[in-house]
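The values are calculated or read from the model by the stated rules, or taken from the named source; none is laboratory data. Keep in mind that this is a model prediction, so the values were computed, not measured. Positions of Cβ are backbone-derived with ideal geometry, glycine not excepted, and every protein chain shown enters the neighbour counts. Note: accessible area is taken over every heavy atom of the protein model, side chains too, but ligands, DNA and RNA are not part of it. Shrake-Rupley method; radii C 1.70, N 1.55, O 1.52, S 1.80 Å.
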Amino acid sequence: MTLECEVAVVGGGVMGLSAAHYLAAYGRDTVLMDQFPLPHTRGSSGGHTRITRLANYGDPALTSIMKDSFDRWLQLEHQSGVNLFRPAPLLTVGSMSSENTENVLDNVMTSIHVSGSTPEALDVDTANQRFRTSFPDNYKAVVDPSAGVLMADKCLKTLQNLFLNNGGRVLDGWPVTSITPGETVELRGSKGRVRAKAAVLCPGPWAGPLLGRLGVQIPVRAEKIGIYYWKVRDPKTPVFTFIDLSRSENHFYALPDYEYPGYMKLCYHAGLRADPDERDKVNMSTVQRRTEDYVKRFFPCLEPKPSVVESCMYTITPDNNFVLDRHPKYHNLVFGAGFSGTGFKIAPACGEALAKMAMGLQPPLDFSSFTLGRFYRSKM
């Protein structure tokens, strides 16, 4: 078959669905394509929950993007009538024996203030008593009341339904085998071809090879991440989200028992390099043991062994920030990639920006800090 459209979107994860939703909302004839039947868990958008918050603890360039996305998720909730966000205060801890932890926690406090909320600084004894944890005396804690949980599976379904309601078309179970750029972009697969005036590429862990075939060398690596659920054995454990920022790059994080009642999700924010087509061959035992050791030390409220073990994929850049850009030669090809395991919360703002770029317009927010050129300017 041959389909004609204004814009083709490749990738049915949260980024591709967000871009497709806004394109259709702007009246563009849009086709969304994914290699697997939707919804699926082979990429980075599977599962039921994600942490979200108003405050930006990292790159200052993310502040307006996070605020805009937080508001857009609530707008999508109101528009659809589906509960997408559930409040859950975020407990952030850090060890004072780790380099720069005090500066990091000060930045967290400042970021919460800037976002319009009031942070709560806790001594470790108070934090342990309230949250049923067991951090030692050299830890400090901050609570962010603005945080909560996005119901990820409902977010994806909502975006897809809104896209379809606005006339969008979905081609799932439709792998793209080649993309021919030009004034008209032609996307081929075993089931036929799609011809579009522009294309948005959100390929997740397949970003490196797909963009590489188009002459875009994007420095990303795909990692398999262990997702673990632990039975809550202390009935007084409250509802909260959690991040330990003691480590400069990778950290542990947790979410309340919104997926499996009575089982908290607690994971390590790093995994093992993996080919996304062969992820099931990767042995995650070392990551699981590291996470078990962490739970035994600091979370006596949980059983010491996970009851449910799952996995997902991260696509990671050298600076752990995403890339959102145009093809250097074919400006009707735009792409978003390398969200490094933190992209779900900012998907609406990124999707809207990708939609505007595919329409030949300027995004309403400043994404100049996240172009591909930053990795090559440093080498010049």
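Evaluate the following for LEU150: is it in a strand (DSSP E or B), at pLDDT 95 or above and under 20 Å from LYS265 (Cα atoms)?
Taking the combined requirement at face value, the residue satisfies it.
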Pairs where the first residue, in the stretch 186-198, is under 15 Å from VAL9 (Cβ atoms) and open to solvent by 20 Å² or more (accessible area, probe 1.4 Å) and the second is in a loop (DSSP other than H, G, I, E, B) and not charged (D, E, K, R), C-beta under 6 Å, 6+ apart | ARG195/THR184
Which of (1) at pLDDT below 95; (2) farther than 19 Å from THR342 by Cα is the odd one out, the single condition VAL232 does not satisfy?
-> (1)
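If we only count strands (runs of 3 or more DSSP E) wholly inside the stretch 266-374, which ones have 2 or more residues that are among the hydroxyl-bearing types (Ser, Thr, Tyr) and in contact (Cβ under 8 Å) with a residue 60 or more places away in the chain?
Those strands (runs of 3 or more DSSP E) span 308-316.
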Might you check whether a residue that is more than 19 Å from SER18 (Cβ to Cβ) and out of contact with any Ser or Thr (no Cβ under 9 Å at 6 or more places or on another chain) occurs anywhere in the stretch 330-344?
-> yes
Kindly list, by first and then second residue, each pair from a residue in the stretch 13-33 that is among the basic types (Lys, Arg) to a residue that is open to solvent by 10 Å² or more (accessible area, probe 1.4 Å), limited to pairs with Cβ atoms under 7 Å and residues at least 6 apart or on different chains.
-> ARG28/GLU6; ARG28/MET359
Filter the strands (runs of 3 or more DSSP E) completely within the stretch 10-120 down to those with at least 1 residues that are over 18 Å from GLY343 (Cα atoms) and open to solvent by less than 20 Å² (accessible area, probe 1.4 Å).
-> 30-33, 90-95
Do you know which residues across the stretch 232-287 are closer than 17 Å to LYS305 by Cβ, crowded, with 18+ Cβ neighbours inside 10 Å and among the charged types (D, E, K, R)?
-> LYS265
